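Accompanying notes for the structure given below.
The values are calculated or read from the model by the stated rules, or taken from the named source; none is laboratory data. All of these numbers come straight from a predicted model, not from anything done at the bench. Note that we place each Cβ from the backbone using ideal geometry, even for glycine, and neighbour counts take in every protein chain shown. Accessible surface is based on the protein model in full, side chains and every heavy atom, while ligands, DNA and RNA are left aside. Shrake-Rupley method; radii C 1.70, N 1.55, O 1.52, S 1.80 Å.
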Amino acid sequence: QVRLEESGGGLVQAGGSLRLSCAASRSIASDNTMGWYRQAPGKQRELVATITSRFSTNYADSVKGRFTISRNNARNTVYLQMNALKLEDTAVYYCNGWWRGTVRDYWGQGTQVTVSS
């Protein structure tokens, strides 16, 4: 069983910044893809960004140029730096982890990000 623990959410004004962290209970140093997803009220969960253990990244169009995903393999931690936040970025943000050879992926409990005007 893998545990993912998010932190760093909160309330921020539009145009502000937040950094989310996700600490994994298993090594993320190899054969691993980590990601951030979000779910706004009344909407489906959607991809925000992913990063592989080789540091290849992928972003949703809606966050390109504003959000940056990164990882520290030594600390088994993934980050999401969110800049120029918009009202529509308000959501619960979830960390996701997948390891090669496993039959399932893993989710954190989520952290609330609220952007106010």
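What the table below lists for this structure:
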quantity: Whole-Hz ³J(HN,Hα) from phi, Karplus 6.51 cos²θ - 1.76 cosθ + 1.60, for segment 107-112, glycine and proline x; calculated: 10, x, 7, x, 9, 7
quantity: Whole-Hz couplings from phi, Karplus 6.51/-1.76/1.60, listed for segment 14-28; x for Gly and Pro; calculated: 3, x, x, 10, 8, 10, 9, 10, 9, 9, 9, 8, 10, 4, 10
quantity: Apportionment of accessible area to carbon and sulfur, the chain, percent (1.4 Å); calculated: 45 percent
quantity: Cβ-defined net charge surrounding Trp99, 10 Å radius [Lys, Arg +1; Asp, Glu -1]; calculated: +1
quantity: Value in Å of the Kirkwood radius, where the chain supplies the Cα pairs that are averaged; calculated: 14.1 Å
quantity: Residues of segment 1-96: accessible area per residue with a 1.4 Å probe, Å²; calculated: 52 Å²
quantity: Amide H contacts under 5 Å for Thr90, placed H, 5+ residues apart; calculated: Val115
